[in-house]
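Report on the structure given below.
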Amino acid sequence: MQLCMRLCAAILAAGALTAAAEEQPWTLEASNWEKGKDLLPEPVVKRLQKGEYWFKVVSADPSRFHHNYSQAFWDASEKNAGRYGLDEKTCGLKDKARRTSRPAAGSRGTSPWRARWAAGAARPSR
């Protein structure tokens with residue numbers, strides 16, 4: 001669950017990169033969940049709607065964000081751009097060229113989203 005929350009925060013931060021530098025921080029919550037519906041996975045959006053989750057959104061300086069990761073990361077990201085997609089059945093990565101998929105880490109071949117959200121688990125399965 002922590003990984004999911006960190007991932008969601010990173011997605012929201014990336015979305016905030018387009019915001020003006022002087023934009024004030026704001027909170028994504030049940031009253032304005034629509035702002036995050038295209039940035040977050042469906043289970044997270046549903047929890048936002050119910051008021052179970054909220055996220056503080058702040059603008060980020062693109063150059064500082066870029067320097068949080070190594071040059072090797074950015075090189076590999078550029079090399080792999082467009083190569084992978086999301087396998088909706090397993091929530092894992094799908095190699096578009098080979099048409100093969102790999103379940104998400106720790107999922108044991110089942111969707112970690114379905115299992116965690118259905119069980120209401122707070123920690124990822126191992």
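Counting other Cβ atoms within 10 Å as a rough exposure proxy, the listed residues 69, 84 run 69, 84 from fewest neighbours to most. What shape does the stretch 49-96 have by the C-alpha gyration tensor, where a ≥ b ≥ c are the square roots of the eigenvalues, rounded means a/c under 1.5, and otherwise prolate means a/b greater than b/c and oblate the rest? The shape class here is oblate.
When 55, 65 are sorted by how many other C-beta atoms sit within 10 angstrom of their C-beta, beginning with the fewest, the order is 65, 55. Exposure proxy ranking for 27, 90, based on other Cβ atoms within 10 angstrom of each Cβ and starting from the fewest, stands as 27, 90.
Would you mind counting up the charge near residue 30? Only other residues with Cβ under 14 Å from its Cβ, with Lys and Arg at +1 and Asp and Glu at -1. Within the 14 Å Cβ shell, the charges total +2.
Coordinate-derived values only; no laboratory data. In this text, all values refer to a predicted model and were calculated from it rather than measured experimentally. When we count neighbours, we look across all protein chains shown, and the Cβ atoms used for this are built from the backbone with ideal geometry, even at glycine.
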